[in-house]
Amino acid sequence: MAVLSREEFDAIEFDAAASGDHQAAARRMSKLAVTGTQTDSMPRSEAFLRAGEQWLLADDPAAAASGFRLALADGGPVFVDPRVPLARALFLLGKAEEAQSLLDSLKDEGRRDPRTCDIVAELLVEIGDLTGALDWATAGVELCLQRMNKGVPAQREPSPDEDTGQGTRSVTPAATASGEAEAELRLLLSLRYRIRNDLGLPEDRYDGLLDDV
């Protein structure tokens, strides 16, 4: 029996990117996800998730949704909540209400992962929901700033457009910021800036952070 291997899945993805045959990659990954023995480094849930991503690239959102549902049902560790790519597949299938319900559930549970905020914001931009995208991108920025300011008591950040009565307050990341959080912060700030630009909003103090990071 085959053993699920992160290296093998990486190689399948690499070959698919080079050849453009994402359908073949999705089929192979899906078969491995079902028949392979999971390992600590490659759980079955992640195998289903990565197979679903290949189905999306193969323009088969129905098969992709099936893979993401299997990842959800498995309940194992994954690099991104399967509800996010599942929502993407559902939007493509014209099931907007079900897709939005998934995103609403993620928000209601509390947004804790900047990367998830980034991916959801990008998805909402694609479907034209710029207001929703801005909300998710802003939440991601604030999560990054909290992680970068380790040791500083958590407190609510006022809205970038909120008048605190103290003038414009700058937000300076702590010197102890992790490289990962800072890299994600750059992505989120850039995305957020583009969204605000498209909405015709003026630059705010979070936009000003782009020069600092």
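Some observations on this one:
- All positions within region 15-38 that are out of contact with any Leu (no Cβ under 6 Å at 6 or more places or on another chain) and assigned to a loop (DSSP other than H, G, I, E, B): G20, D21
- Summed over region 40-89, residues that are among the hydroxyl-bearing types (S, T, Y) and modelled with pLDDT under 95 total 1.
- Unmet requirement for R50, which otherwise passes all of (1) part of a loop (DSSP other than H, G, I, E, B); (2) under 24 Å from K95 (Cβ atoms): (1)
- Residue satisfying all of: in region 21-37; among the small types (G, A, S) and within 24 Å of the chain's Cα centre (by Cα); most open to solvent (accessible area, probe 1.4 Å) among these: S30
- Residues in region 70-92 include at least one that is touching a residue at least 24 places away in the same chain (Cβ under 8 Å), farther than 23 Å from D118 by Cβ and outside any loop (DSSP other than H, G, I, E, B).
The values are calculated or read from the model by the stated rules, or taken from the named source; none is laboratory data. Worth saying up front: this structure is predicted, and the values here are computed from it rather than measured. Neighbour counts run over all protein chains shown; Cβ positions are idealised from the backbone, glycine included. Only protein heavy atoms, including side chains, enter the accessible area calculation; ligands, DNA and RNA are left aside. Shrake-Rupley method; radii C 1.70, N 1.55, O 1.52, S 1.80 Å.
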